[in-house]
1. Carbon-plus-sulfur fraction of the accessible area of the chain, 1.4 Å probe, in percent?
2. So for the chain, what percent of the C-alpha to C-alpha distances run longer than 26 Å?
3. Divide by every residue of the chain the summed helix terms, -39500 (n - 2.57) for each DSSP H run of at least 4, and state the resulting mean residue ellipticity at 222 nm, rounded to the nearest 500 deg cm²/dmol.
4. Kindly report the accessible area of region 7-117 per residue (heavy atoms of protein chains, probe 1.4 Å, no ligands, DNA or RNA), in Å².
5. So which GluC sites (Glu not before Pro) in region 24-101 are both in a DSSP loop and have at most 14 other Cβ atoms within 10 Å of their Cβ?
6. Within 10 Å, count the other beta carbons around each residue, average over each peptide in 118-124, 106-112, and list them highest first.
7. Once phi is turned into ³J(HN,Hα) by the Karplus curve 6.51 cos²θ - 1.76 cosθ + 1.60 with θ = phi - 60°, what whole-Hz value does each residue of region 43-58 show in order, with x for glycine and proline?
8. For THR69, which sequence-distant residues (separation of 5 or more, or a different chain) have an amide H within less than 5 Å of its own amide H, given hydrogens modelled in the peptide plane?
Amino acid sequence: MEVIMSYVDGFIIAVPTANKARFIEHARNGDSFFIECGALRVLECWGDDVPDGEHTDFRRAVKAQDDETVVFSWIEWPDKATRDAGMKKMLSSDDPRMDPAKNPMPFDGKRLIYGGFAPVLELTK
């Protein structure tokens, strides 16, 4: 097996279920910025089968309430250097897509969990 060189940023958030359309619009606006910064793709996944666990689970991780849905998202980059440059650009940008006043988050950003990950195995068909 050969590992394709890439880098992934992963995110888990709790979004009020009533804000699904607002979340999609927020993501559509902001995610295009990452593509312009070199990301290969961005995937936003609305929770469809997110069971409660005995000890831990996605819902508990983000303190999701009964009226919230867990969203699992990731940004795939060609490599960590491109990701680091893209994130630096995002943090220093005055682009309105990254401005919370112009593209407000329709969720509690304090409960967002994120991290960067280096792939160690890739299986494809």
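1. The nonpolar share, carbon plus sulfur, comes to 57 percent.
2. I get 27 percent for the Cα pairs in the chain exceeding 26 Å.
3. Helices in the chain give a 222 nm mean residue ellipticity of -8500 deg cm²/dmol.
4. Per-residue accessible area for region 7-117 comes out at 62 Å².
5. GLU54
6. My ranking of the peptides, most packed first, is 106-112, 118-124.
7. For region 43-58, the Karplus curve yields 10, 10, 10, 7, x, 10, 9, 10, x, 6, x, 6, 10, 7, 6, 4 Hz.
8. VAL15, THR17
The values are calculated or read from the model by the stated rules, or taken from the named source; none is laboratory data. This one's a predicted model, so the numbers in the text were calculated from it and none came from an experiment. Cβ coordinates were reconstructed from backbone atoms using ideal geometry, including for glycine residues, and neighbour counts include every protein chain displayed. Heavy atoms of the whole protein, side chains included, go into the accessibility calculation; ligands, DNA and RNA do not. Shrake-Rupley method; radii C 1.70, N 1.55, O 1.52, S 1.80 Å.
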